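Student: Sharing a structure here in structure tokens format.
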Amino acid sequence: RDAPPASMASLLCALSLSLSPSGLTRRQLTALATAGGASLPLRTFAGVEPTTVEASRASDKARPRVTSKGFIDLRIIESYTSSPVLENSALRGRLTLGLYGEAAPKQTARFVQLLTGRRGGPSGDPDSFPSLSSASFSARRPSELLLSGSCPGVSEVRLPDSLGGGVNFEWNGLSVALRPVLESTGVSHDRRGLLTHRIEDGGTVFGITLGPAPQLDRDWAVFGEVLAGSEPLGLLAEVEALPYLTGEAAPASVTGQIGAAVYSAQRSALMAVTQALGDSRADERIGKLLRRVEIVRSGLL
């Protein structure tokens, strides 16, 4: 009872570490640490790295401020039949998105137009801009990115050298302002659920990180996040579990040794021919989702 505060903190730390995780709750451990003036690590489970209250607060402060919120409603077709797709074969859910309007003002403005389908944002005319509604997620890079496809009606038009070359975009046959957003936010791809886009690419494609991906920091720019608690059905995990095109042969145990060898030879020959002709379509199909992940509605909250 007469021990000085420093000694009391040491005794409390030793006592807490000697107990099993089920002996004290997180709240009780934090209260003990606060009473003794110590910064006591929180006990965590299931392989999660220990952290401290201070580290968690510092991480929150380092994140850009969410200035506006939007949503995308998804329909995941998990199986097909010979008849039209049935509703009972689909999983539905909503992802709520937080946009970094201060850290990424240009891309946030572009994305708001895509969420609403209005040129100039919410105050623009309806159906005056490509919309994410009726778009889909088309590919994934395992543990890295879930990638959307282009909005319906959007296509690339390669300009002739006589007009300066490069790429322009059309939407339903009309020219549309979808030039690359050359903006670097300085926000690292350090966790799951970040909204990002490739800096040098125009168009309407965007990605959601599936885990820390610092290798994207040079060519991609973060402009928002999937807000915590907005995955009531674990939608990203459901998409990750869908089959996708790997470019690899099925195991020999399934196809047999001869079948696997034939597939490998055919794929090698095809890749060699397409690369020699400068055709990258075979490479671009790697990672393509083999089930439909549709964006049925999008907008602002």
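Student: For region 49-87, which residues satisfy the criterion of being of a type in the set (S, T, N, Q) and modelled with pLDDT under 60?
Tutor: Kept after step one, since they are of a type in the set (S, T, N, Q), are these residues of region 49-87: 51-52, 56, 59, 67-68, 79, 81-83.
Thr51, Thr52, Ser56, Ser59, Thr81, Ser82, Ser83, listed by residue number.
Student: Out of all the residues in region 161-191, which are closer than 24 Å to Leu227 by Cβ, open to solvent by 40 Å² or more (accessible area, probe 1.4 Å) and either touching a helix residue (DSSP H, G or I) at 6+ places or on another chain (Cβ under 8 Å) or not in a loop (DSSP other than H, G, I, E, B) (or both)?
Tutor: Step one: filter region 161-191 for residues closer than 24 Å to Leu227 by Cβ, giving 181, 183-191.
Subsequent filtering for residues that are open to solvent by 40 Å² or more (accessible area, probe 1.4 Å) retains 184, 186, 188, 190-191.
Selection gives Ser188, Asp190.
To keep it simple, each residue is scored yes or no on (1) within 18 Å of Gln107 (Cα to Cα); (2) in contact (Cβ under 8 Å) with a residue 12 or more places away in the chain.
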| site | (1), (2) |
| --- | --- |
| Ser134 | no, yes |
| Leu147 | yes, yes |
| Ser162 | no, no |
| Glu240 | no, yes |
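Student: Can you pull out the residues in region 142-160 that are open to solvent by less than 60 Å² (accessible area, probe 1.4 Å), over 10 Å from Trp171 (Cβ atoms) and assigned to a strand (DSSP E or B)?
Tutor: Within region 142-160, Leu145, Leu146, Leu147, Ser148, Val157 qualify.
Student: Please specify each residue of region 91-117 satisfying the condition of being in a loop (DSSP other than H, G, I, E, B) and touching a Phe, Trp or Tyr at 6+ places or on another chain (Cβ under 8 Å).
Tutor: Residues of region 91-117 that are in a loop (DSSP other than H, G, I, E, B), as a first pass: 100-104, 117.
Of everything in region 91-117, those that are in a loop (DSSP other than H, G, I, E, B) and touching a Phe, Trp or Tyr at 6+ places or on another chain (Cβ under 8 Å) turn out to be Tyr100, Ala103, Ala104, Gly117.
Student: Separate question: Report the residue count in region 130-141 for those that are more than 13 Å from Val205 (Cα to Cα) and surrounded by 20 or more Cβ atoms within 10 Å (Cβ to Cβ).
Tutor: 0
Student: For region 140-169: of the residues being of a type in the set (A, V, I, L, M) and within 20 Å of the chain's Cα centre (by Cα), which is nearest to Val239 (Cα to Cα)?
Tutor: Applying the first criterion (of a type in the set (A, V, I, L, M)) to region 140-169 yields 145-147, 154, 157, 159, 163, 167.
With the extra rule that they be within 20 Å of the chain's Cα centre (by Cα), the set shrinks to 145-147.
On the way: Leu145: 11, Leu146: 8, Leu147: 11 Å.
If we take residues in region 140-169 being of a type in the set (A, V, I, L, M) and within 20 Å of the chain's Cα centre (by Cα), then Leu146 is nearest to Val239 (Cα to Cα).
Student: I'm trying to understand the selection: among the residues of region 204-224, which are open to solvent by less than 20 Å² (accessible area, probe 1.4 Å) and closer than 14 Å to Val112 by Cα? Spell out how you get there, then give the answer.
Tutor: The first filter runs over region 204-224 and keeps only residues open to solvent by less than 20 Å² (accessible area, probe 1.4 Å), leaving 204, 206-211, 213, 216, 221-224.
Passing the criteria: Thr204, Phe206, Phe223, Gly224.
Yes/no matrix, rows are residues, columns are (1) at pLDDT 95 or above; (2) within 13 Å of the chain's Cα centre (by Cα):
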position: Ser175; (1), (2): no, no
position: Pro180; (1), (2): no, no
position: Asp201; (1), (2): no, no
position: Leu216; (1), (2): yes, yes
position: Leu227; (1), (2): no, yes
position: Glu231; (1), (2): no, yes
position: Ala250; (1), (2): no, no
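Student: Let me ask something else about it. Could you grab the pairs with beta carbons closer than 6 Å, sequence gap of 6+ or different chains, first residue in region 93-107 and over 13 Å from Val187 (Cα atoms) and at pLDDT below 95, second one among the β-branched types (Val, Ile, Thr) and open to solvent by less than 10 Å² (accessible area, probe 1.4 Å)?
Tutor: Close Cβ pairs satisfying both conditions: Leu95/Ile72.
Student: Which of the residues belonging to region 226-245 are open to solvent by 20 Å² or more (accessible area, probe 1.4 Å) and farther than 17 Å from Asp73 by Cβ?
Tutor: If the condition is that a residue be open to solvent by 20 Å² or more (accessible area, probe 1.4 Å) and farther than 17 Å from Asp73 by Cβ, then Ala228, Ala237, Glu240, Ala241, Pro243, Tyr244, Leu245 are the ones that fit.
The values are calculated or read from the model by the stated rules, or taken from the named source; none is laboratory data. It should be emphasised that the depicted structure is a prediction, and the values quoted were computed from it without experimental measurement. Heads up, the Cβs are rebuilt from the backbone with ideal geometry, glycines too, and the neighbour counts pull from every protein chain shown. The area values use the complete protein model at the heavy-atom level, side chains included, leaving out ligands, DNA and RNA. Shrake-Rupley method; radii C 1.70, N 1.55, O 1.52, S 1.80 Å.
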